[in-house]
Amino acid sequence: MPAHPSGGPYHPAGMSPWSGDVLELTSRAVGANYVVSVATPHGYERSRSSYPLVVTLDAHWLFGTVHDLALSLSMGRVIPRVVVAGVGWPTSDLAEIARLRHRDSTPTMAPFFDAGSGTVQRDGTGGAEPFRTFVLDELLPELQSRYRLGAPTMLVGHSLTGLFAVHTLLHRPESFDSYLLASPSLWWDDVVTLRVTEPEVAEARRHLPARVYLSAGAEEGGDRRSAPFRMVPNVEELGRRLRRYEGLDLQLEILAGETHHSTIGQSVSRGLRTLLSDGEDAPVGA
């Protein structure tokens, strides 16, 4: 599992506020390869401190957003400095990324209709369980062995990876201290999460030890392509059910003026502040 420095071709000494690595990992559970970008915060090399860990899925388009917002918020002493790890795949082809994302994020095998292209993906879904084994039992130990990590830990997902994060919360809630769930795709497989998964979990347990930020854009469903997905009603229903569990601290927000994709920045910013704002930052230069 080799590592090499991340970043562009020009990095004058001292100019980059982040340092980090790109880890190329082969998952035994999935039988596939992943690329994990890891950014350590300013002062990490000089410090002996341990830092909270934020694991973001959809790294191809969320990693930059998450680590830039984490940097800005920590500079303002709003949240502590954190290590950010972004999980992605070894390709830059968007169609291939979408195929792999559908495979790894979905909890059941079901046809997937892409409203943008008008096509249906009929196979290659339902791989969330082996992917969860990779994230929790392979990736997390690897990160813990390489970096100085402490509490809290957070999982970030949006849309289909938000759905994956919801299922991780329900099935293995102790895996992370907090969950940032931005517009989770609860519509998947005829709303199987609300129809089957959550009721089964509720029968087995009443305690979910986690902090949760759950959001959706108020304008999701405002056009013909997104209306059938019922994002806001589904998210509100999930929030109602999560509030019944003991030990779960939930903040639910419907973000005014935001659509399914425009909600990402605000969801990440507000989620980081909600879930990390009571942490203590290490002093600069520690």
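The values are calculated or read from the model by the stated rules, or taken from the named source; none is laboratory data. Bear in mind the structure is a predicted one, so any value in this text is a computation, not a measurement. All Cβ positions, even for glycine, are placed from backbone atoms using ideal geometry, and neighbour counts span all protein chains on display. For the accessible areas, the whole protein counts, side chains as well, though only heavy atoms, and no ligand, DNA or RNA atoms are used. Shrake-Rupley method; radii C 1.70, N 1.55, O 1.52, S 1.80 Å.
Limited to the stretch 2-37, what total is found for residues that are surrounded by 10 or more Cβ atoms within 10 Å (Cβ to Cβ), modelled with pLDDT under 50 and either within 22 Å of Thr91 (Cα to Cα) or touching a Cys at 6+ places or on another chain (Cβ under 7 Å) (or both)?
Going through the stretch 2-37 one residue at a time, the tally reaches 3.
Just checking, does the stretch 224-233 include any residue being crowded, with 17+ Cβ neighbours inside 10 Å and under 23 Å from Leu155 (Cα atoms)?
Looking through the stretch 224-233, at least one residue is crowded, with 17+ Cβ neighbours inside 10 Å and under 23 Å from Leu155 (Cα atoms).
Which residue out of Glu246, Glu220, Glu236, Glu198 is open to solvent by less than 10 Å² (accessible area, probe 1.4 Å) and of a type in the set (Asp, Glu)?
Glu198
Yes or no: Thr56 modelled with pLDDT of 95 or more and surrounded by fewer than 22 Cβ atoms within 10 Å (Cβ to Cβ)? Show your work before the answer.
Details: modelled with pLDDT of 95 or more: yes; surrounded by fewer than 22 Cβ atoms within 10 Å (Cβ to Cβ): no.
No; evaluated as a whole, the condition is false for this residue.
Of the conditions (1) open to solvent by 30 Å² or more (accessible area, probe 1.4 Å); (2) closer than 21 Å to Val35 by Cα, Pro209 fails just one. Which one is it?
If we test Pro209 against (1) open to solvent by 30 Å² or more (accessible area, probe 1.4 Å); (2) closer than 21 Å to Val35 by Cα, just (2) comes out false.
Answer with yes or no whether Pro283 is modelled with pLDDT of 95 or more and either part of a loop (DSSP other than H, G, I, E, B) or open to solvent by 20 Å² or more (accessible area, probe 1.4 Å) (or both).
Numbers: modelled with pLDDT of 95 or more: no; either part of a loop (DSSP other than H, G, I, E, B) or open to solvent by 20 Å² or more (accessible area, probe 1.4 Å) (or both): yes.
When the stated conditions are applied, Pro283 does not pass them.
Would it be correct to say that Pro111 is surrounded by fewer than 16 Cβ atoms within 10 Å (Cβ to Cβ) and over 22 Å from Ser37 (Cα atoms)?
Numbers: surrounded by fewer than 16 Cβ atoms within 10 Å (Cβ to Cβ): yes; over 22 Å from Ser37 (Cα atoms): yes.
Against the criterion (surrounded by fewer than 16 Cβ atoms within 10 Å (Cβ to Cβ) and over 22 Å from Ser37 (Cα atoms)), Pro111 qualifies.
Could you identify the single residue in Val196, Val201 that is touching a residue at least 24 places away in the same chain (Cβ under 8 Å) and not polar (S, T, N, Q)?
Val201
Which residue, of Leu170, Leu140, Leu160, is of a type outside the set (Ser, Thr, Tyr), within 18 Å of the chain's Cα centre (by Cα) and open to solvent by 10 Å² or more (accessible area, probe 1.4 Å)? Spell out the reasoning first.
Details: Leu170 fails: open to solvent by 10 Å² or more (accessible area, probe 1.4 Å); Leu160 fails: open to solvent by 10 Å² or more (accessible area, probe 1.4 Å).
Step by step, each of Leu170, Leu140, Leu160 is checked, and only Leu140 is of a type outside the set (Ser, Thr, Tyr), within 18 Å of the chain's Cα centre (by Cα) and open to solvent by 10 Å² or more (accessible area, probe 1.4 Å).
Quick one: is Arg77 buried (at least 19 other Cβ atoms within 10 Å of the Cβ), farther than 17 Å from Leu180 by Cα and in contact (Cβ under 8 Å) with a residue 60 or more places away in the chain? Give the steps one after another, and end with the answer.
Details: buried (at least 19 other Cβ atoms within 10 Å of the Cβ): no; farther than 17 Å from Leu180 by Cα: yes; in contact (Cβ under 8 Å) with a residue 60 or more places away in the chain: yes.
Considered against the rule, which asks whether it is buried (at least 19 other Cβ atoms within 10 Å of the Cβ), farther than 17 Å from Leu180 by Cα and in contact (Cβ under 8 Å) with a residue 60 or more places away in the chain, Arg77 comes out as no.
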